[in-house]
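Read the structure below first, then the notes.
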Amino acid sequence: MNSMIIDSSLDDLDRVAEYIINISNQNGIIILQGDLASGKTTLASEIASKLTGGEGAVSPTFSLQHVYKDKLFHYDLYRMDFEEVASLGLLEEFDKDGLHLIEWANEQLTALLARAGYDVWRVDITPIEKGRRYEIQKLDA
């Protein structure tokens, strides 16, 4: 399946996290898209909690990247353009085995990752009444 829409309340967020973990086989790149306060970090925290046995993610806004148990990589690229990402050496990080969650990836980075042959999924998060809509789509080259 290349796309899925899940409507979920915060209380049922574990179902969304499990789905993402399963489709990615805990290896690949998940692009988290949404407006400010849409729930990107909240979803990342739920995924981290499931993969690490309880350690939820915190926003890596000021450090750009957090690594959890050498198998989960969480990036916050807010206001970073492609050249900045490349110059900091972050592109090489995506070669590491594990699940990479990226908040605020721009279109140029997203397209490059898909063309480079990585297993890339995009999760568009939209607030809806009583929760969020998660549109999950496999990105092809």
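Derivation of every value follows stated rules applied to the coordinates shown; laboratory data play no part. Remember, it's a predicted structure, so these values are computed and weren't measured experimentally. A quick note on method: Cβ atoms are made from the backbone with ideal geometry, for glycine too, and the neighbour counts reach across all protein chains shown.
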May I have the pair-distance distribution P(r) for the stretch 72-132, computed from all Cα-Cα distances with 10 Å bins from 0 and rounded to whole percent?
-> 18, 55, 20, 7, 0
GNM on the chain, Cα springs under 10 Å; top mean-square fluctuation among Gln108, Gln26, Gln65 goes to Gln108
Report, in whole Å, the centroid distance computed from the Cα atoms of the stretch 20-49 and the stretch 73-117.
-> 14
Mind grabbing the base-10 log of I(q)/I(0) for the chain at q = 0.16, 0.21 Å⁻¹? Debye formula, identical points on the C-alpha positions, no solvent, two decimal places.
-> -0.78, -1.42
Relative contact order for the chain using alpha-carbon pairs under 8 Å, separation at least 6, rounded to a whole percent?
-> 36
Within the chain, what's the longest run with no trypsin sites (Lys or Arg not before Pro) in a DSSP loop and at most 15 other beta-carbon atoms within 10 Å? Give the range, please.
-> 1-68
Have a look at the DSSP beta bridges in the chain and tell me what percent are antiparallel, nearest 5.
-> 55
How large is the charge dipole for the chain, taken about the Cα centre, if only the Cβ atoms of Lys, Arg (+1) and Asp, Glu (-1) carry charge, to the nearest 20 debye?
-> 200
